[in-house]
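Step one of this worksheet: look at the structure below.
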Amino acid sequence: MSKLLGKMLLMAFLISTMTACVKEEQPIVDDAFVQYSDFETEIMNQVNNYRNSIGLAKLSRLNLVSKEAETHSVYMVENKTLSHDNFAVRTTNLMNNADALSIAENVAYGYKTAEELLKSWLNSEVHRRKIEENRYTDFGISAKYNTNGSYYVTQIFIER
């Protein structure tokens with residue numbers, strides 16, 4: 001009987017020690033408020049529909065990611081340029097605030113529909129690889145008009 005009790009105590013000790021070493025994951029508080037335009041929503045839907053059509057999981061929309069995308073879309077409108085400027089800053093912010101492990105970004109300018117924008121990204125190997133990357137779990141988007149009525153779009157993908 002004492003051997004059985006000893007084994008049970010040893011087992012309880014080992015289990016409690018192992019679970020104490022497991023990192024407690026804190027849920028991301030996605031309290032950023034984002035009001036998505038129909039154009040932004042349609043781009044996200046188009047990307048997820050495409051991913052689904054090739055057997056990949058759909059990405060979750062994360063408002064924190066969209067807020068980072070928004071800062072860049074506004075930057076592109078203000079500077080009248082299509083760019084990935086300051087990507088390192090967005091990466092650091094998302095690693096710190098959204099527990100992102102890896103980040104990728106697609107940008108675009110001048111597209112009128114989500115369909116033509118997605119088609120353009122899919123026709124570019126570099127952009128398509130980001131959309132098709134299996135490790136990404138979440139994404140965000142921002143599309144901002146310039147004074148000519150054309151969109152600057154930033155879409156960011158993250159792995160958590």
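What follows is calculated from the coordinates using simple rules that are stated; it is not laboratory data. Please read these numbers as outputs of a predicted model, since none were measured by experiment. Positions of Cβ are backbone-derived with ideal geometry, glycine not excepted, and every protein chain shown enters the neighbour counts.
Calculated translational diffusion coefficient of segment 65-145 (4 °C, 1.567 mPa s; Stokes-Einstein with Kirkwood radius over alpha-carbon pairs) equals 96 µm²/s. Distance between the 7 Å Cα→Cβ label points at Ala57 and Tyr145: 3.7 nm. In a simple Cβ point-charge model (Lys, Arg +1; Asp, Glu -1; nothing else charged), segment 111-154 has a dipole of about 100 debye relative to its Cα centre. A straight line joining the Cα centroids of segment 128-160 and segment 31-63 runs 9 Å.
Summing Lys, Arg as +1 and Asp, Glu as -1, what charge do residues with Cβ under 11 Å from the Cβ of Tyr36 carry, Tyr36 excluded?
-3
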